[in-house]
Amino acid sequence: MTVAVGIDRLGFYTPSLYLEMTDLAEARGDDPAKYHIGIGQDKQAVIPPTQDVVTMAANAAEQILTAENRQAIKMVLFGTESGVDNSKATAVYLAHLLQLPADTRAIEIKQACYGATAGLQLAADYVRSHPTAQVLVIGSDIARYGLRSAGEVTQGGGAVAMLVTADPQILVLDAESSYHTEDVMDFWRPLGRTEALVDGKYSTNVYLDFFKTVWRTYQQQTDRAIADFAALAFHIPFTKMGLKALRQVLPEATPEQQETLQAAFEASQRDNRQVGNLYTGSLYLSLLSLLRHGDLVAGDRIGCFSYGSGAEGEFYSGVLQPNYRQGFDDAALTALLANRRAVSVAEYEALYTQRLDLQGADRQLAVGTDSAAYYLAGRQHQQRQYRHR
Ligand code: CAA
């Protein structure tokens with residue numbers, strides 16, 4: 001008998017600070033309409049030095065874990081491209097912070113923004129053959145380009161935590177998916193650098209080409225067409241990117257279905273507009289935004305396009321389950337986004353330079369203003385000091 005496997009719960013965390021895109025545009029001498037309309041971003045998460053990919057993941061995962069499922073977790077798959085150590089996996093720090101049982105596999109996965117999707121698919125395959133096991137999949141990143149660079153407007157950060165189980169509450173994944181790899185230099189971060197290098201225009205073209213390729217292959221594999229989808233969710237480095245991808249396939253839909261897909265896209269980009277890029281987690285924040293704000297019913301099929309520069313693309317799908325709204329805490333997510341504090345451009349620029357450096361000098365961080373449950377207190381003897389309040 002085939003086991004129905006997929007996403008049972010979704011959690012999201014982003015720090016309590018943000019930058020208004022109007023303020024950034026004015027400081028950079030740009031028209032704010034370029035940022036709000038041309039790029040499609042309203043706010044950008046600002047990451048204080050006391051948060052990193054591990055603490056953000058712990059803050060996201062805490063929302064979806066009970067004492068019972070902590071015991072059932074057999075694997076932690078941590079997708080990130082802004083990890084904190086060249087050897088030790090972020091997943092090991094996380095498993096410890098969350099007090100998961102020791103009989104857990106804890107692994108970090110890297111392939112740019114694709115890492116969480118690799119984790120999700122590996123998790124689903126594992127649960128199909130071990131139906132009582134649960135897997136915690138993380139997408140956690142800080143999207144960082146450079147002050148005054150073209151990519152600056154597409155920064156952001158945060159973490160998504162997903163619990164993958166048999167008979168999931170939110171989304172049963174279809175077994176088929178299509179993927180595509182090419183060695184492409186559109187975006188990368190050489191060792192020793194904290195900011196990504198990117199050929200921005202080229203990266204958007206590669207993204208669109210990869211979507212076309214995997215969408216076509218998926219249709220050949222499954223005999224499904226656009227009419228089979230209630231919504232498409234995209235990796236959203238900036239919301240206009242997702243809109244460009246959607247527009248590539250809209251002509252395949254009837255006028256009525258085009259309206260449905262466009263309305264679903266509006267819902268799927270609402271929260272991303274407030275946070276910015278979170279690399280590995282962006283597709284999954286968009287999925288969560290779609291579930292929170294969209295007009296969906298149980299049985300709807302959702303298509304997901306994942307893209308990681310360098311490059312890997314995948315299109316997969318899943319079917320929405322009757323109790324999907326119980327798989328996330330809608331009110332808490334609304335409060336998380338609403339209760340953030342706006343920082344000035346000067347404060348953002350100062351915070352940009354205050355994170356622990358790559359030289360490894362020991363330092364205590366000022367944790368006073370960070371009220372998150374999990375935070376980074378500093379570095380001692382070259383070891384990161386994680387804390388839980
Ligand atoms: N009012 C309204 N719109 C305006 C405007 C104004 N006053 N001025 C400009 N615009 C529009 C432009 O027409 C353009 O729209 P279209 O793309 O629809 O033509 C849009 O604003 C952007 O303008 P530019 O192309 O001039 O912007 P830019 O040169 O500053 O660069 C960028 C934009 C390439 C996205 C840059 O921000 C960047 O390099 N970002 C990082 C790379 C990235 O996110 N790539 C995405 C694909 S790779 C990926 O997905 C992996 C990942 O997460 C990084």
Test: residue in the range 364-374 that is modelled with pLDDT of 95 or more, part of a loop (DSSP other than H, G, I, E, B) and surrounded by fewer than 17 Cβ atoms within 10 Å (Cβ to Cβ)
yes
Going through the range 214-256 in order, the residues found to be out of contact with any strand residue (DSSP E or B) (no Cβ under 9 Å at 6 or more places or on another chain), buried (at least 17 other Cβ atoms within 10 Å of the Cβ) and assigned to a loop (DSSP other than H, G, I, E, B) are Ile236, Ala253
Top-ranked residue in the range 321-363 [being among the hydroxyl-bearing types (Ser, Thr, Tyr) and open to solvent by 40 Å² or more (accessible area, probe 1.4 Å); ranked as nearest to Ser286 (Cα to Cα)]:
Thr334
Close pairs (7 angstrom Cβ cut-off, 6 or more residues apart or separate chains): at pLDDT 95 or above in the range 22-41, open to solvent by 60 Å² or more (accessible area, probe 1.4 Å) and within 9 Å of the ligand (Cβ to nearest atom) anywhere
Ala25/Asp31; Ala25/Lys34
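Picking from Ala245, Ala253, which residue would you name as being of a type outside the set (S, T, N, Q) and within 16 Å of the ligand (Cβ to nearest atom)?
Criteria check complete, one pass: Ala245.
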So, in the range 202-242, of the ones that are under 17 Å from Val319 (Cβ atoms) and among the small types (Gly, Ala, Ser), which residue ends up nearest to the ligand (Cβ to nearest atom)?
Ala233
Mind counting the residues in the range 156-188 that are surrounded by 17 or more Cβ atoms within 10 Å (Cβ to Cβ), within 15 Å of the ligand (Cβ to nearest atom) and outside any strand (DSSP E or B)?
2
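For (1) among the hydroxyl-bearing types (Ser, Thr, Tyr); (2) under 30 Å from Val343 (Cβ atoms); (3) in contact (Cβ under 8 Å) with a residue 60 or more places away in the chain, each residue gets a yes or a no:
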{"position": "Val3", "(1), (2), (3)": "no, no, yes"}
{"position": "Leu10", "(1), (2), (3)": "no, yes, yes"}
{"position": "Tyr18", "(1), (2), (3)": "yes, yes, yes"}
{"position": "Thr55", "(1), (2), (3)": "yes, yes, yes"}
{"position": "Leu97", "(1), (2), (3)": "no, yes, yes"}
{"position": "Thr104", "(1), (2), (3)": "yes, no, no"}
{"position": "Ile109", "(1), (2), (3)": "no, no, no"}
State all residues of the range 130-143 that are assigned to a loop (DSSP other than H, G, I, E, B) and open to solvent by 30 Å² or more (accessible area, probe 1.4 Å); if no residue qualifies, say none.
His130, Pro131, Thr132
Which number in (1) crowded, with 24+ Cβ neighbours inside 10 Å; (2) farther than 24 Å from Met21 by Cα; (3) aromatic (Phe, Trp, Tyr) marks the one condition that Tyr279 misses?
(2)
Among the residues of the range 314-330, is there at least one that is on the phi < 0 side of the Ramachandran plot, part of a helix (DSSP H, G or I) and over 24 Å from the mean Cα position of the chain (by Cα)?
no
Which residues, counting only those in the range 111-126, are touching a residue at least 60 places away in the same chain (Cβ under 8 Å), surrounded by 24 or more Cβ atoms within 10 Å (Cβ to Cβ) and away from the ligand (no atom under 16 Å from the Cβ)?
Leu120, Ala124
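The values are calculated or read from the model by the stated rules, or taken from the named source; none is laboratory data. Because the structure is predicted, anything quoted here is derived from the model rather than measured. Glycine also receives a Cβ, built like all others from the backbone with ideal geometry; neighbour counts cover every protein chain displayed. Heavy atoms of the whole protein, side chains included, go into the accessibility calculation; ligands, DNA and RNA do not. Shrake-Rupley method; radii C 1.70, N 1.55, O 1.52, S 1.80 Å.
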